Amino acid sequence: MKRLSRMALSSVGSKYIMALTGLGLMMFVLAHMSGNLLIYGGRDALNAYAHGLTEHPFLLWTARGGLLAVFLTHLFFALRTWQENQSARPIPYAHEATIQANWASRHMLLTGVVILLFVIYHLLHFTFGVVDADHFKRPLPDDPKQLDVAGMVIAGFGNPIVAVSYIVAQIFLGLHLWHGGSSFLQHLGLNGRGYDAAVNRVGAAVALVVVVGNCSIPLAITMGWVY
Ligand code: HEM
């Protein structure tokens, strides 16, 4: 057990865990986006999907617990790696341009913090109904067992400040996923085997799909295309 935690806390182990938990979170983001895109099929489609998720409470709470554990693990190892990098390089580079990296790779902590703040706000908004409580999941008049999740989303993005904040957050998420995807093989120690370019392209494509898919929802609601 001691050996396992020493391995996990080593710099190689931390990167390994970050890559694997990052992959899990990326899969959640893709699955969550696919569900949310059902809003284009009408309010009933999204409401039926959201209701379906609540029909197996044990599975739902197990998945929520797993997601939280993966998220916290990713956060813990990200902060640890950042702290180690800081103490390994106490004197800042004179010229940032000397570092062989792009903006996304040099600002993973910043993009990560924006995502964290977004998730906290998002949960207070759509999961706990603390923000905009007036529009929080009301029972549907013709089927009170189902909640009006679509109505909540449409009312939420009816506020342009909320819609723009979501769009900005998705761009930060996209940048984070873009670099996360491109450093994935390196973190697992599997780079240099001939498929780096292909994995980088998949990472960039996933980031782009997430940004376009997630931004389209607040945008379509603001434009009145979804109502
Ligand atoms: C425009 C984009 C998004 C929309 C429209 C959206 C919509 C929603 C809605 C409606 C819920 C509540 C579902 C329900 O209780 O029935 C929810 C929950 C949640 N969302 Fe999002 N979401 C978006 C983006 C994201 C992103 C980018 C993340 C993560 C980075 C995220 C993470 C979560 C989490 C963790 C929950 C709680 C899940 C649960 O209660 O089990 N969402 N979202």
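The values are calculated or read from the model by the stated rules, or taken from the named source; none is laboratory data. Please read all numbers here as calculations on a predicted model, not as lab measurements. Reconstructed Cβ throughout: ideal geometry from the backbone, glycine too, with neighbour counts over all protein chains shown.
Number of residues in region 18-28 that are more than 12 Å from the ligand (Cβ to nearest atom) and among the hydrophobic types (A, V, I, L, M, F, W, C): the value is 4.
Looking at this structure, is Gly174 within 14 Å of the ligand (Cβ to nearest atom), surrounded by fewer than 20 Cβ atoms within 10 Å (Cβ to Cβ), of a type in the set (Gly, Ala, Ser) and on the phi < 0 side of the Ramachandran plot? Give the derivation first.
Details: within 14 Å of the ligand (Cβ to nearest atom): yes; surrounded by fewer than 20 Cβ atoms within 10 Å (Cβ to Cβ): no; of a type in the set (Gly, Ala, Ser): yes; on the phi < 0 side of the Ramachandran plot: yes.
The answer is no for Gly174.
Residue check: Ala31 meets all listed conditions (1) of a type in the set (Gly, Ala, Ser); (2) within 12 Å of the ligand (Cβ to nearest atom); (3) in contact with a helix residue (DSSP H, G or I) (Cβ under 8 Å, 6 or more places away or on another chain) but one, namely (3).
Going by what's in this entry, would Ser165 be described as hydroxyl-bearing (Ser, Thr, Tyr) and more than 19 Å from Ala31 (Cα to Cα)? For Ser165, the condition - hydroxyl-bearing (Ser, Thr, Tyr) and more than 19 Å from Ala31 (Cα to Cα) - is met. Residues in region 204-227 that are under 18 Å from Leu23 (Cβ atoms) and away from the ligand (no atom under 16 Å from the Cβ): Ala204, Ala205.
Among the residues of region 111-125, is there at least one that is buried (at least 17 other Cβ atoms within 10 Å of the Cβ) and polar (S, T, N, Q)? Among the residues of region 111-125, at least one is buried (at least 17 other Cβ atoms within 10 Å of the Cβ) and polar (S, T, N, Q), which makes the answer yes.
Looking at region 55-65, is at least one residue part of a helix (DSSP H, G or I), among the polar types (S, T, N, Q) and more than 14 Å from Ala150 (Cα to Cα)? For region 55-65, residues part of a helix (DSSP H, G or I), among the polar types (S, T, N, Q) and more than 14 Å from Ala150 (Cα to Cα): present.
Cβ separations smaller than 8 Å between residues 6+ apart or across chains give the following pairs from region 66-79 residues that are in contact (Cβ under 8 Å) with a residue 12 or more places away in the chain to residues that are more than 11 Å from the ligand (Cβ to nearest atom) and of a type in the set (S, T, N, Q): Val70/Thr21; Phe71/Thr21; Thr73/Thr21; His74/Thr21; Phe77/Ser14; Phe77/Thr21.
Can you find a residue in region 145-152 that is at pLDDT below 95, more than 8 Å from the ligand (Cβ to nearest atom) and among the acidic types (Asp, Glu)? No, every residue in region 145-152 fails to be at pLDDT below 95, more than 8 Å from the ligand (Cβ to nearest atom) and among the acidic types (Asp, Glu).
Within region 209-218, does at least one residue satisfy the condition of being part of a helix (DSSP H, G or I), surrounded by fewer than 18 Cβ atoms within 10 Å (Cβ to Cβ) and without any contact (Cβ under 8 Å) to a residue 60 or more places away in the chain? Before the answer, list the steps.
Let us first name the residues in region 209-218 that are part of a helix (DSSP H, G or I), namely 209-218.
Filter once more, keeping what is surrounded by fewer than 18 Cβ atoms within 10 Å (Cβ to Cβ): 209, 212-213.
Right, trim to without any contact (Cβ under 8 Å) to a residue 60 or more places away in the chain and you get 212.
Yes, that holds for at least one residue.
Going through region 128-142 one residue at a time, which ones are farther than 21 Å from Gly224 by Cα, surrounded by 12 or more Cβ atoms within 10 Å (Cβ to Cβ) and free of Cβ contacts under 8 Å to residues at least 60 places away in the same chain? Correct list: Gly129, Val131, Arg138.
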